[in-house]
Amino acid sequence: MIEAMLLLVLVGGSALLWQSALRARDRAVHASRRLCAQAGVQLLDQSVSLRRLALVRSGSGRLAVRRHYSFEVSTDGSNRHPGSLQFDGDRLENFSLPLRADDPALAELARLH
């Protein structure tokens, strides 16, 4: 009886962890699509890949799961560049995208040098 209850708890816990991981991945896909649309680059393969997972303390001092996702984007449809997202819990903390050649921010950087 105890073994059956323990097995049920383990299976239930595993299902909850799996569901949490799928929700986190869906948030990452949605965020990467939104960021790519705002930057004017194309998200390739319409997917993200979990690269790193760690426990960290959030700004409020609570434990949170830090997830690093990577993906690929194209600035002109014929090239591939890496992109990345970092979530602490449910919050997007950091991201990285390449600049397009016609991006005003790139022109501003060139003017400063």
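Listing for the model above:
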read-out	value
Rounded to 10°, Cα long-axis angle of helix 2-39 versus longest principal axis of the chain	10
Theoretical FRET efficiency, 1/(1+(r/R0)^6), r = Cβ-Cβ of Ser49 and Leu99, R0 25 Å, to 0.05	0.65
Listed residue (Gly83, Gln19, Gln42) projecting farthest to the positive dipole end of the range 2-112, Cβ model	Gln19
Likely footprinting exposure, Phe71, Phe87, Phe95, fewest C-beta neighbours within 10 Å first	Phe95, Phe87, Phe71
As computed over the range 2-112, the Cα convex hull volume per residue (Å³)	128
Cut-off under 5 Å, modelled amide H: who pairs with Arg66 long-range	Ala54, Leu55, Val56, Gly89
Phi-based couplings in Hz for the range 66-72 (Karplus 6.51, -1.76, 1.60; Gly and Pro marked x)	8, 10, 9, 10, 10, 7, 10
Residues Val48, Val41, Val29 arranged by fewest to most Cβ contacts within 10 Å	Val29, Val41, Val48
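Read-outs throughout are calculated quantities, based only on the coordinates presented, and are distinct from any laboratory measurement. A quick note: this is a predicted structure, and the numbers were derived from the prediction, not measured. Ideal geometry is used to build each Cβ from the backbone, glycine not excepted, and the neighbour counts take in all protein chains shown.
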